[in-house]
Amino acid sequence: MQKGMFYDVKMMARDGIFLKKAVRIALPVAMQGMLNTIVNLVDTMMIGALGATAIAAVGLANKVFFVFTLLVFGIVSGSGVLAAQYWGNGDIKNIKKVVGLALTLAVAASIAFLVPAVVCPEAVMRIFTASEDAIQVGAGYLTIVALSYPATAVSNTFVAMLRATGRVKAPVVISSCTIFINIFFNYTFIYGNFGAPAMGAAGAALATLMARLAEALSIILVVYLGKAPVAARFKEMFGYSREFLVQFFSTTSPVIANEFIWGLGTTLYSLAYGRMGNDAVAAITIATTIQDIVTVLFQGLSAATAVIMGNEMGAGKLKRAERYAKNFLILQFIVTILGALFCVAIRWQIIGVYNITPEIAESVSRCIIVFALFMPFKMFNYVMVVGILRSGGDTKMCLLLDCSGVWMIGVPMAFLGGLFFGFPIHIVYAMVMLEEVYKAVFGYWRYKQKKWLRNLAAEL
């Protein structure tokens, strides 16, 4: 077995065409994810100067955005599966229909989340915490930042469609620019510089709103001025056949349900953490921000997996797609080892910039070590579920894996560890991460069955 593994590594290393394709897509996607993570990191650091309550409040308020983005990710990820296969098959007409339907669903989802966040923000915050201070600070932040949700829906949809057609550089450039917009307005409105009022956490929300609006406008201009394949005119976005709608929703519905149900489950983690106190919430918020720096590498890999394999299967090259799947799993393992070591090595340097107590800092450090230990399982699942299984339309199995993991293991462990036994936050986090072990075992079993090897473009 070991001999076979080394042989596979050697063959992957010699496959120049594969490596070129993987790097061409994975690197820009990872860079964009890194840039978004840097924005979140800077936000948390700048808000961190206001103290643990502000960190906890903003972290909990952003759980609404987290669930929303998961729903949107489900929509655009499922749509991207079809768009990638249509691109491999040269079917531009159906790609534009996918764009129209994805935009409609994503914007509708944004409005559904925007309304309660603006109308009754305190009630929304009470879902996550009983701390009145955190509720008031978080409500002020949520009311403003929720106005950015429609812009996020538009941006994510077009970015996913651009990736599906192999256009990954423009979103990176735009994200680079929006970082500076976000940081500048953070500095202006959080602390009250350049004559602006000192708004605290609400100032961070205003800065985020302005940055996301700028990002959405820039993406639209790139798509339509650059005449990208996804630059659909209004009439090209609609006019669906029954066969198209059946294929679209049979592929995307499990992905949408997957991300939303999984997101609700992980939000319950936050509910459990929120009842462990502001210090626990602050610790897990900072730890999550740091671990996101490493996670973006695998977001890049999983995106590259979905696009490249979708293109190959859409072109009818199933044997090559199978070989590429194995190659991506090898790459994932190599990057995981390097990422885990990096994450542990830099943790204290990043922790040191936060205005937190030594006790919270130690909790953050322990949470990061837990993350590093479970990282091989978590990152394997990124590539397997989001990349390999979804690329061939095996979305129902992905739904089963993700949702059973979070609801049968993750949620019970969060409440048992955090509220029933009263364990420290890093122990609770380790208990929750057991879901990744479960998903990795059954995900690999599904991979070996090869039911994901399908040409969806030819089935329409």
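Among the residues of segment 334-364, which ones are surrounded by fewer than 16 Cβ atoms within 10 Å (Cβ to Cβ) and either aromatic (Phe, Trp, Tyr) or under 18 Å from residue 16 (Cα atoms) (or both)?
If the condition is that a residue be surrounded by fewer than 16 Cβ atoms within 10 Å (Cβ to Cβ) and either aromatic (Phe, Trp, Tyr) or under 18 Å from residue 16 (Cα atoms) (or both), then 334, 342, 348 are the ones that fit.
Out of 186, 193, I need the residue that is among the polar types (S, T, N, Q), in contact with a Phe, Trp or Tyr (Cβ under 8 Å, 6 or more places away or on another chain) and farther than 30 Å from residue 401 by Cβ. Which one?
Answer to the check: 193.
Can you tell me which residue within segment 258-285, out of those that are among the small types (Gly, Ala, Ser) and crowded, with 19+ Cβ neighbours inside 10 Å, is farthest from residue 417 (Cα to Cα)?
263
Could you go through segment 161-173 and let me know if any residue there is among the polar types (S, T, N, Q) and either over 28 Å from residue 35 (Cβ atoms) or in contact with a Leu (Cβ under 9 Å, 6 or more places away or on another chain) (or both).
Taking every residue of segment 161-173 in turn, none turns out to be among the polar types (S, T, N, Q) and either over 28 Å from residue 35 (Cβ atoms) or in contact with a Leu (Cβ under 9 Å, 6 or more places away or on another chain) (or both).
Can you tell me which residues in segment 1-40 are at pLDDT below 70 and touching a Pro at 6+ places or on another chain (Cβ under 8 Å)?
Passing the criteria: only 32.
Listed here are the residues, each with its yes/no results for (1) basic (Lys, Arg); (2) surrounded by fewer than 22 Cβ atoms within 10 Å (Cβ to Cβ).
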| site | (1), (2) |
| --- | --- |
| 114 | no, yes |
| 126 | yes, yes |
| 133 | no, yes |
| 138 | no, no |
| 142 | no, no |
| 147 | no, yes |
| 150 | no, yes |
| 153 | no, no |
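Could you tell me which of the residues 196, 214, 205 is surrounded by fewer than 16 Cβ atoms within 10 Å (Cβ to Cβ) and either on the phi < 0 side of the Ramachandran plot or at pLDDT below 85 (or both)?
Answer to the check: 196.
Take residue 84 and tell me if it is more than 30 Å from residue 386 (Cα to Cα) and at pLDDT below 90.
no
Find all pairs meeting these conditions: Cβ atoms under 7 angstrom apart; at least six residues apart or on different chains; first residue within segment 309-336 and in contact (Cβ under 8 Å) with a residue 60 or more places away in the chain and under 15 Å from residue 393 (Cα atoms); second residue surrounded by fewer than 16 Cβ atoms within 10 Å (Cβ to Cβ) and among the small types (Gly, Ala, Ser).
316/458
The values are calculated or read from the model by the stated rules, or taken from the named source; none is laboratory data. The structure presented is a predicted model; accordingly, all values stated were derived computationally and were not measured. Using ideal geometry, Cβ is built from the backbone for each residue, glycine included, and neighbour counts are taken over all protein chains shown.
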